[in-house]
Amino acid sequence: MALNLSQKQEVVAELADVAGKAHSLVAAEYAGITVSQMTEMRKKARETGVYLRVVKNTLAARAVAGTEFECVKDVLVGPLLYAFSTEEPGAAGRLIKEFAKGNDKLQAKVVSMGGKLMPGSDLEKLASLPTREQALGMLARVLAEPASMLARAIKAVADKQGGGEVAAEAEAPAA
């Protein structure tokens, strides 16, 4: 069903709003995907914070104008599915990668993050970005390491200066 002008304007405005807030974008060819597979992918997208939409490339190009994804507008060719990561940068990459395993007709054509255009073959790089929880865990380990190093250094200095003698005197009975 063809969209009238006001419907097209609504689609562009909605997509522009999402693109303005998104962390990354994956545009993938979806020809040959069944309705049930697309429904499953949309369900998973909602659960993982990915905005998934099939729109005409001309509307998508207008929507990304003025955003960090403007770099993709000249390479949008063919029937494409647009996946924007709204919560975690790697979420769209992981979603497309997961569903491409079960369907070889789903192929990433364009990947974009941080204003950079990358080929679809870079999907693995995007998909391998850590989740928010993984990144926080890594940060906690990095922040905890200097404190543990300091504690080990203080213990080593105390042992070297005879900290063991202090412990022995404390155990000796008082006269």
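Annotation: of all residues in segment 1-49 being without any contact (Cβ under 8 Å) to a residue 60 or more places away in the chain and basic (K, R), the one that is farthest from L123 (Cα to Cα) is K8.
Here's the yes/no breakdown for (1) part of a helix (DSSP H, G or I); (2) closer than 21 Å to M113 by Cβ:
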residue: A2; (1), (2): no, no
residue: Q7; (1), (2): yes, no
residue: D17; (1), (2): yes, yes
residue: L25; (1), (2): no, yes
residue: I33; (1), (2): no, no
residue: Q37; (1), (2): yes, no
residue: K44; (1), (2): yes, yes
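Say whether the condition of being out of contact with any helix residue (DSSP H, G or I) (no Cβ under 9 Å at 6 or more places or on another chain) and closer than 30 Å to L5 by Cβ is met by at least one residue in segment 74-83. Yes, segment 74-83 has at least one match.
Of all residues in segment 6-44, which are among the polar types (S, T, N, Q) and either surrounded by fewer than 16 Cβ atoms within 10 Å (Cβ to Cβ) or not assigned by TED's automatic domain parsing to the domain that holds V72 (or both)? Residues satisfying the conditions are S6, Q7, Q9, T34, S36, T39.
You will find that of L123, L52, L106, the residue that is surrounded by 18 or more Cβ atoms within 10 Å (Cβ to Cβ) and modelled with pLDDT of 95 or more is L52 and no other.
The values are calculated or read from the model by the stated rules, or taken from the named source; none is laboratory data. These numbers were taken from a predicted model, which means no experiment stands behind them. Cβ sites come from the backbone with ideal geometry, for glycine too, and all protein chains shown count toward neighbours.
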